[in-house]
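Trainee: This structure is in structure tokens; I'll ask about it shortly.
The values are calculated or read from the model by the stated rules, or taken from the named source; none is laboratory data. Note that the coordinates shown come from a computational prediction; the quantities given were computed from them, not determined experimentally. Neighbour counts run over all protein chains shown; Cβ positions are idealised from the backbone, glycine included. Surface areas here come from the heavy atoms of the whole protein model, side chains and all, with no ligands, DNA or RNA. Shrake-Rupley method; radii C 1.70, N 1.55, O 1.52, S 1.80 Å.
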Amino acid sequence: MKNTMNCRFVSYMKRQLVLAGSHQRKSLSTPLQSLYSRSSSTSFSSSFSSNGSTSNSNINDIIDNPSLVTFTHDEKTQIGTITLNSPSTYNALSVEMGNEFEALIHRLKNQINGHHSSSSSSSLKNLNVIILKGSKHNFSSGGDLHWLKKLRHNPVHINADKMYSFYRSFLSIRSLPIPTIAYVEGFAIGAGACLTLATDLRVMDSKAKIGFNFVKLGIHSGMGGSHLLPNLIGESKAKYALLTGQIFNAQEAYDSGLA
């Protein structure tokens, strides 16, 4: 369970904090970045085979058949990385991406819990932590506004069902039985910022920015933001962030308890 963080994860975080000590918290981005280029990693996309089972692919398969969500597993450190992979939209959260994301989380949860007997699932039983990041040095620009605009003519109850399904697909990351860390580069805006709240920890690059700009769009703070943000930083600070739509830099986010 998440409340019982294993010793290996605790030791890993201690090492990162020691490394960050002389450069403050923003230097955590450096050791995290080094994890993404290790040679002892395996990669696969979130697609399923025709018989309903999961299919593994090497990195070349992913390049030839790009997925909106990818996963890599470093067998040496037992660290997994989920990457939002829609660089052309700055990793905007879409229904299609949400479907892939939820399918990947479901598969990872089963493999971590040992519900599959394949060699790949066996290696995931010892997974220490999962890092969530965006491709091309940008976390997420938020919800897909083109899709949202298409919903404006629907009855309220139809949109309520659609949004519930959309939120559930990404917030499924909360069901993973191991710790999760959102690594924020570039921007994490709107629903993208809320997605970071669904992880256990948030680490920001020194130049990254995060903000809950729903008020500027005239919409409710979705993706669980109005629930998760007060739990994280307190009601007063959460109200300020949600009612002003302020974009926080890394230092401001750290000072407020966001990162």
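Trainee: Would you say Met223 is among the aliphatic types (A, V, I, L, M), on the phi > 0 side of the Ramachandran plot and either in contact with a Gly (Cβ under 7 Å, 6 or more places away or on another chain) or open to solvent by less than 20 Å² (accessible area, probe 1.4 Å) (or both)?
Mentor: yes
Trainee: Does the stretch 205-259 hold any residues that are of a type in the set (Lys, Arg) and either assigned to a loop (DSSP other than H, G, I, E, B) or under 19 Å from Ala182 (Cβ atoms) (or both), and which are they?
Mentor: Lys207, Lys209, Lys237
Trainee: In the stretch 189-203, which residues are assigned to a loop (DSSP other than H, G, I, E, B) and open to solvent by 50 Å² or more (accessible area, probe 1.4 Å)?
Mentor: Selection gives Asp200 alone.
Trainee: Can you tell me which residue is farthest from Glu100 (Cα to Cα) among those in the stretch 165-188 that are touching an Asp or Glu at 6+ places or on another chain (Cβ under 7 Å) and assigned to a helix (DSSP H, G or I)?
Mentor: The selected residue is Ser172.
Trainee: Tyr183 is checked against (1) in contact (Cβ under 8 Å) with a residue 60 or more places away in the chain; (2) farther than 30 Å from Gln111 by Cα and fails just one. What number does that condition carry?
Mentor: Unmet for Tyr183, out of (1) in contact (Cβ under 8 Å) with a residue 60 or more places away in the chain; (2) farther than 30 Å from Gln111 by Cα: (2).
Trainee: Among the numbered criteria (1) within 15 Å of Gly98 (Cα to Cα); (2) open to solvent by 10 Å² or more (accessible area, probe 1.4 Å); (3) of a type outside the set (Asp, Glu), which one does Ser206 miss?
Mentor: So Ser206 meets the others, but not (1).
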